[in-house]
Structures are given as C-alpha cells and as structure tokens.
Amino acid sequence: HQSIFRFSNLNPKPEKLTCREQETLFLLLYGKKPQFISQVMGISTKTVEGHVARLRNKFEANSKNELIDKAMEAGYGSVVPKTLLKHQLSVVLNGER
C-alpha cells in the first residue's frame, strides 16, 4: 500500500491583506519601485513604504526580498488584484520600474 502526499504550499498565507496591500504587493512582485507604485495608486511614496512595512510584518519577512520570495511561494504573483484592473494593466506592468 502506497500513500501519496501532496503539499501545495508549506508556507501558510498571512493574515488577510487589504486592497491597497494587495495592489502594492502585486506591483512589487513585478519589480516596480515605490515611486512608480505611488504614481499608479495615486498615493505618496511614504504611504507605499508603509504598505511594504505592514506586508513584511504580515509575511514575517526580514527584508523586501524575503517578502517577495514568501509572497511568490504563497501564490500572490499569479493573482491580479481586481482593483488594479481599472488601470490598463499592460501599461502598469510594462511601464517604468
């Protein structure tokens, strides 16, 4: 008798993310810098940096790179936040970094 185990994700998802945190995270995962993210979202760079700090806390990440790694492992790179769809997504993803 053979058992097959399948682990889809060893790292559980963090507590629920706000809409703005989801948008910030998605853009971070695609290499966008805080200045560009602030323009897309219509908020200040300081506010973006605050979102990143809260995301690092929620993901228990010690750095932005660790946040990105953990978020990708949790599947956040494959889900476009619905609120970003109001922008032309190709412009957002292909624009400045």
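Every number here is computed from the coordinates shown, using simple stated rules; none is lab data. No experiment lies behind these values; they were computed from the predicted model shown. Ideal geometry is used to build each Cβ from the backbone, glycine not excepted, and the neighbour counts take in all protein chains shown.
Could you give the nm distance between label points at ASP69 and LYS33, where each point is 7 Å from its Cα heading toward the beta carbon?
2.4 nm
What do you get for Rg/Rh over region 19-94 if you use C-alpha atoms and the Kirkwood form of Rh?
0.93
Tell me the label-point distance for the pair LYS16, SER78, using the 7 Å Cα-to-Cβ offset, in nm and rounded to one decimal.
2.4 nm
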